[in-house]
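K.L.:
There's a structure below that I have some questions on.
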Amino acid sequence: MIIVISGPPGSGKSTVAKILSKNLSLKYISAGHIFRELAEKEGLSLLELNKKAEENFEIDKKIDREIFRIASTEKNIIIESHIGGWLLKDIADITVYLNASLEIRAMRIAKRDNIPFTKAIEQIIEREESHSRRFLVYYGIDLSDLSVFDLVINTDNLQPEEISKIIEVYLNFMLAKNIH
């Protein structure tokens with residue numbers, strides 16, 4: 001079982017993926033974690049590495065190759081990645097897109113990173129603009145096209161456990177449907 005969870009910063013991807021990983025006994029893989037490790041290794045902030053990645057496709061390719069390698073060799077995983085749903089749509093058993101309003105996402109990030117709300121909004125907008133440019137140029141992916149996803153969830157008014165339960169119900173439905 002390969003489950004891919006995608007979405008913009010602050011949508012709840014990591015939190016929900018970790019809950020699902022535990023509930024379904026699947027290994028959790030985070031492209032964001034790999035990206036953050038690379039930023040730390042290079043002594044850069046996330047925004048700085050995003051800007052650098054706009055000029056150097058090798059940064060994204062390195063992370064994406066690692067995600068592909070994992071998805072090709074391990075079969076019981078949850079992959080959390082901004083663009084994983086688009087990149088892994090032919091490998092994944094289920095692709096899920098989580099989204100939330102800019103304000104809700106900024107509140108979550110401000111709380112998580114202990115930064116002012118306005119700074120969180122600025123960071124989200126900068127990261128999303130960088131992602132949109134890079135992924136369109138490098139992969140031809142339009143981040144507004146959600147047609148590749150099996151399930152799209154607005155997380156504004158849902159708790160992570162509720163979102164996880166929705167995904168689990170959908171997954172059980174699809175598994176039962178495929179058995180008959």
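K.L.:
Going through the range 71-82 one residue at a time, which ones are at pLDDT 90 or above and in contact with a Lys or Arg (Cβ under 9 Å, 6 or more places away or on another chain)?
P.N.:
Residues satisfying the conditions are Asn76, Ile77, Ile78, Glu80, Ser81.
K.L.:
Can you tell me which residue in the range 113-155 is nearest to Val96 (Cα to Cα), limited to those that are surrounded by fewer than 14 Cβ atoms within 10 Å (Cβ to Cβ) and small (Gly, Ala, Ser)?
P.N.:
My answer is Ser147.
K.L.:
Cβ contacts < 6 Å: first residue touching a residue at least 60 places away in the same chain (Cβ under 8 Å), restricted to the range 96-122; second residue aromatic (Phe, Trp, Tyr), any location; separation 6+ or different chain. Result?
P.N.:
Tyr97/Phe149; Ala106/Phe117
K.L.:
Here are Lys13, Lys22: which of them is under 15 Å from the mean Cα position of the chain (by Cα) and within 30 Å of Gln159 (Cα to Cα)?
P.N.:
Criteria check complete, one pass: Lys13.
K.L.:
Look through the range 135-157, keep the residues that are hydrophobic (A, V, I, L, M, F, W, C) and at pLDDT below 90, and return whichever of them is nearest to Gly7 (Cα to Cα).
P.N.:
So the residue we want is Phe135.
K.L.:
Restricting to the range 133-173, what's the tally of residues that are part of a helix (DSSP H, G or I) and within 21 Å of Met107 (Cα to Cα)?
P.N.:
5
K.L.:
Is there a residue in the range 50-63 that is touching a strand residue (DSSP E or B) at 6+ places or on another chain (Cβ under 6 Å), touching a residue at least 40 places away in the same chain (Cβ under 8 Å) and within 30 Å of Leu171 (Cα to Cα)?
P.N.:
Checked against the condition, which is being touching a strand residue (DSSP E or B) at 6+ places or on another chain (Cβ under 6 Å), touching a residue at least 40 places away in the same chain (Cβ under 8 Å) and within 30 Å of Leu171 (Cα to Cα), the range 50-63 yields no hits at all.
K.L.:
Out of the residues in the range 34-86 that are of a type in the set (Asp, Glu) and closer than 22 Å to Asn23 by Cα, which is surrounded by the fewest Cβ atoms within 10 Å (Cβ to Cβ)?
P.N.:
Checked the range 34-86; the qualifying residue surrounded by the fewest Cβ atoms within 10 Å (Cβ to Cβ) is Glu74.
K.L.:
Looking at the range 87-107 only, could you name the residues that are over 15 Å from the mean Cα position of the chain (by Cα) and crowded, with 19+ Cβ neighbours inside 10 Å?
P.N.:
Ala106
K.L.:
Then there is this: Can you pull out every residue in the range 45-87 that is part of a loop (DSSP other than H, G, I, E, B) and of a type outside the set (D, E, K, R)?
P.N.:
Ser45, Asn56, Asn76, Ser81, His82, Ile83
K.L.:
Yes or no: Ile125 assigned to a helix (DSSP H, G or I) and over 16 Å from Phe35 (Cβ atoms)?
P.N.:
yes
The values are calculated or read from the model by the stated rules, or taken from the named source; none is laboratory data. Just so it is clear, the structure is predicted and the values come from calculations on it, not from any experiment. Glycine gets a Cβ as well: all are built from the backbone with ideal geometry, and neighbour counts include every protein chain shown.
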